[in-house]
1. Hey, any hits in the stretch 71-88 for a residue that's assigned to a helix (DSSP H, G or I), modelled with pLDDT of 90 or more, surrounded by 20 or more Cβ atoms within 10 Å (Cβ to Cβ) and touching a helix residue (DSSP H, G or I) at 6+ places or on another chain (Cβ under 9 Å)?
2. Out of all the residues in the stretch 214-225, is one or more under 20 Å from residue 125 (Cα atoms) and touching a helix residue (DSSP H, G or I) at 6+ places or on another chain (Cβ under 6 Å)?
3. Considering each of 227, 236 in turn, give the residue that is within 22 Å of the chain's Cα centre (by Cα), exposed (fewer than 15 other Cβ atoms within 10 Å of the Cβ), over 25 Å from residue 26 (Cα atoms) and at pLDDT below 95.
4. Counting only residues that are touching a helix residue (DSSP H, G or I) at 6+ places or on another chain (Cβ under 8 Å) and at pLDDT 95 or above, which one in the stretch 250-260 is farthest from residue 188 (Cα to Cα)?
5. Filter the stretch 212-245 for residues that are touching a strand residue (DSSP E or B) at 6+ places or on another chain (Cβ under 7 Å) and assigned to a helix (DSSP H, G or I) and give the result.
6. Here are the criteria: (1) assigned to a helix (DSSP H, G or I); (2) surrounded by fewer than 15 Cβ atoms within 10 Å (Cβ to Cβ); (3) within 21 Å of the chain's Cα centre (by Cα). Tell me which single one residue 248 does not satisfy.
7. Quick one: which helices (runs of 4 or more DSSP H) lie wholly within the stretch 97-211 and hold at least 1 residues that are within 14 Å of the chain's Cα centre (by Cα), more than 30 Å from residue 225 (Cα to Cα) and modelled with pLDDT of 90 or more?
8. Criterion first (modelled with pLDDT under 95 and either crowded, with 20+ Cβ neighbours inside 10 Å or more than 18 Å from the chain's Cα centre (by Cα) (or both)) does residue 241 satisfy it?
């Protein structure tokens, strides 16, 4: 993987590629080194899950920090390393989780997108999620008692925004795959849902703000602030913990009759 691709993977991991596969009381969380992924991992640990934290190797120090926090809640945590674009790595990470715990930036005007940029978007956001879901479902079927699989959608899974056409297309794909997988895997007792964040206060959105500021000719901070003001009905930027609360609910038995849904958690940004 090139340095540029590594940066892109890390940026996705901050917010977008978090993916939960609840295996009994074990949760497999991708991109959990920081941002939304970390918030979700820590919330699920407080809910009583042991956590497998999957991230890219260069995020090891952040993974170690997350493990330390989870262990402070009295839960087990392990770090596994994989590039979600590589199916073999994801399958290996899921297998390692069971063995150890029990049974480019996407903001770009469309006209400027290169074939390499588009391919990387699809491999990371679509193939990465599909590989993770399928590997997790196979493990759940093997174990014989079902489970919950939660994927990272977005408010742009429903409505695209300017300079986000390729990213939005991948998130529409996530929404479609979530519905199809839920139909096929219901017979195994597997519920499949996705969560749809909006504008979240993470390092990734700081980078998005810098790119948008350059595109729109405004100062850094202004692009993000304008979107918070214009789009978010509740009037404040979203925190990673806001997403984690929804994930906590969807992973619980309280959501046992919910499947095939992409649920927006965006403060009314999609209204």
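1. no
2. No.
3. When all the criteria are applied, what remains is 236.
4. 255
5. Listed by number, the residues that qualify are 240, 242, 243.
6. Of the numbered conditions (1) assigned to a helix (DSSP H, G or I); (2) surrounded by fewer than 15 Cβ atoms within 10 Å (Cβ to Cβ); (3) within 21 Å of the chain's Cα centre (by Cα), the odd one out for residue 248 is (2).
7. By residue number, 128-143, 165-185.
8. The answer is no for residue 241.
The values are calculated or read from the model by the stated rules, or taken from the named source; none is laboratory data. If you're wondering where the values come from, they're calculated on a predicted model, not measured in any experiment. Heads up, the Cβs are rebuilt from the backbone with ideal geometry, glycines too, and the neighbour counts pull from every protein chain shown.
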